[in-house]
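Worksheet: the structure to be examined is printed underneath.
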Amino acid sequence: HDLIPPEVRVALGFLTGIGLVIGGIKMSQKKYAVTSQTFCATGVVILYAVTFACRSVYHFAFFGALPTFFLMVLITATAFLLAVRFNALVVALLGMLGGFLTPVLFSTGQDNPLGLFAYIALLDAGLIAVTLRRRWNFLALLGALGTVAMQIGWSDKFFEVAKVFTALNIFLTFNLLFLAAFYFVKRFQQTNPWVSASALLMPFVT
C-alpha cells in the first residue's frame with residue numbers, strides 16, 4: 001500500500017543483505033558452517049535482487065548503467081571470496097550465476113564487445129581461481145558454458161562480416177584462458193574431465 005517509500009525499502013534490503021553476510025562471517029568463527037553458508041548465500045541473493053530493483057524497478061537516478069554494473073561486479077567478487085574463505089560451494093554458484101546475468105540484466109542495447117568480453121574474461125578468471133583453490137573442477141565447465149552462451153548471444157545480435165577479426169580475437173582469448181586452466185589443473189592436481197571438457201568446448205564453439 002506504499003506505506004514504506006521505495007528508498008526505505010531498498011535501504012532495508014541492502015542492510016538486510018549486508019547484515020546476513022556479516023552474520024555469516026561471524027558465525028563461521030564459531031564453527032556453525034551450514035548456518036554460516038546459508039546466511040552468506042541468502043545475503044548475496046538479496047544484494048543482487050535489491051541492486052536489480054534499484055535499477056530496473058524503481059529507476060533511481062544514482063543507479064545508472066555503470067554504477068549498477070560495478071556494484072554487481074563487487075557483489076560477485078565478494079561471493080567468490082566468501083566461497084573460497086568458507087568453502088561454500090553454494091555461494092560460488094550464486095556468484096557465478098549473478099556474474100553472468102549482470103551484463104544481460106543491465107545491457108544498454110549497444111554493441112561493446114571488448115567491454116563485455118573483458119568482463120566475462122575476468123569473471124572466468126575468478127571462477128578458474130576458485131576452481132584451483134577449492135578443486136571444484138566442474139565450475140570451469142559451467143564458466144565455459146556461460147561464456148559460450150554470451151558468445152552465441154553476441155554473435156546472434158551484433159555479428160557482421162566487418163567484425164570477424166574482433167570476434168576471432170575475442171574467441172582466441174577464451175581458448176587460451178581455458179587452455180591455461182587445463183594446464184594449471186594438470187600441473188597442480190591431475191587431469192580432470194570437467195576442466196578438459198571446458199578446454200575442448202571453446203575451440204569447438206569458435
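Within region 47-56, at least one residue is within 14 Å of Leu82 (Cβ to Cβ) and touching a Gly at 6+ places or on another chain (Cβ under 9 Å). Among the candidates Leu145, Leu176, the residue that is of a type in the set (A, V, I, L, M), open to solvent by 40 Å² or more (accessible area, probe 1.4 Å), farther than 24 Å from Leu93 by Cβ and in a helix (DSSP H, G or I) is uniquely Leu176.
Just name the residue that is farthest from Asn112 (Cα to Cα) out of those in region 181-206 that are without any contact (Cβ under 8 Å) to a residue 12 or more places away in the chain and hydrophobic (A, V, I, L, M, F, W, C). Top of the filtered list is Leu200.
Please find, within region 55-76, the residue that is modelled with the highest pLDDT out of those that are β-branched (Val, Ile, Thr) and open to solvent by 40 Å² or more (accessible area, probe 1.4 Å). Walk me through how you get there before you give the answer.
Of region 55-76, the ones β-branched (Val, Ile, Thr) are 57, 68, 73, 75-76.
The next check asks that each one be open to solvent by 40 Å² or more (accessible area, probe 1.4 Å); those that pass are 57, 73.
Working: Val57: 86, Val73: 89.
In this case the residue turns out to be Val73.
Per the listing Phe184, Phe158, the residue uniquely out of contact with any strand residue (DSSP E or B) (no Cβ under 8 Å at 6 or more places or on another chain), at pLDDT below 90 and open to solvent by less than 90 Å² (accessible area, probe 1.4 Å) is Phe184.
Counting residues in region 187-206 that are closer than 28 Å to Thr51 by Cα and surrounded by 14 or more Cβ atoms within 10 Å (Cβ to Cβ) gives zero. In region 165-180, the qualifying residues are those that are within 17 Å of Gly115 (Cα to Cα) and free of Cβ contacts under 8 Å to residues at least 40 places away in the same chain, and the one that is farthest from the chain's Cα centre (by Cα) is Phe165. Based on this model, can you work out whether Trp136 counts as open to solvent by less than 70 Å² (accessible area, probe 1.4 Å) and assigned to a loop (DSSP other than H, G, I, E, B)? Answer is yes for this residue. Pairing each residue of region 134-161 that is farther than 22 Å from Val185 by Cβ with any residue that is outside any helix (DSSP H, G or I) and open to solvent by less than 60 Å² (accessible area, probe 1.4 Å), provided the two are 6+ apart or on different chains, yields C-beta distances under 7 Å for Phe158/Asp111. Could you check Val21 against (1) closer than 26 Å to Ala121 by Cα; (2) in contact with a Leu (Cβ under 9 Å, 6 or more places away or on another chain); (3) surrounded by 21 or more Cβ atoms within 10 Å (Cβ to Cβ) and say which number it fails? With (1) closer than 26 Å to Ala121 by Cα; (2) in contact with a Leu (Cβ under 9 Å, 6 or more places away or on another chain); (3) surrounded by 21 or more Cβ atoms within 10 Å (Cβ to Cβ) applied to Val21, the lone miss is (1).
Residues of region 182-196 that are under 12 Å from Ala140 (Cβ atoms) and among the hydrophobic types (A, V, I, L, M, F, W, C): Phe182, Phe184, Val185, Trp194, Val195.
Cβ-Cβ distances below 9 Å connect no pair with a first residue in region 13-33 that is farther than 13 Å from Val45 by Cβ and at pLDDT 95 or above, a second residue that is assigned to a helix (DSSP H, G or I) and acidic (Asp, Glu), and a separation of six or more residues or different chains.
The values are calculated or read from the model by the stated rules, or taken from the named source; none is laboratory data. This one's a predicted model, so the numbers in the text were calculated from it and none came from an experiment. Heads up, the Cβs are rebuilt from the backbone with ideal geometry, glycines too, and the neighbour counts pull from every protein chain shown. All accessible areas refer to the heavy atoms of the entire protein, side chains included, with ligands and DNA or RNA removed. Shrake-Rupley method; radii C 1.70, N 1.55, O 1.52, S 1.80 Å.
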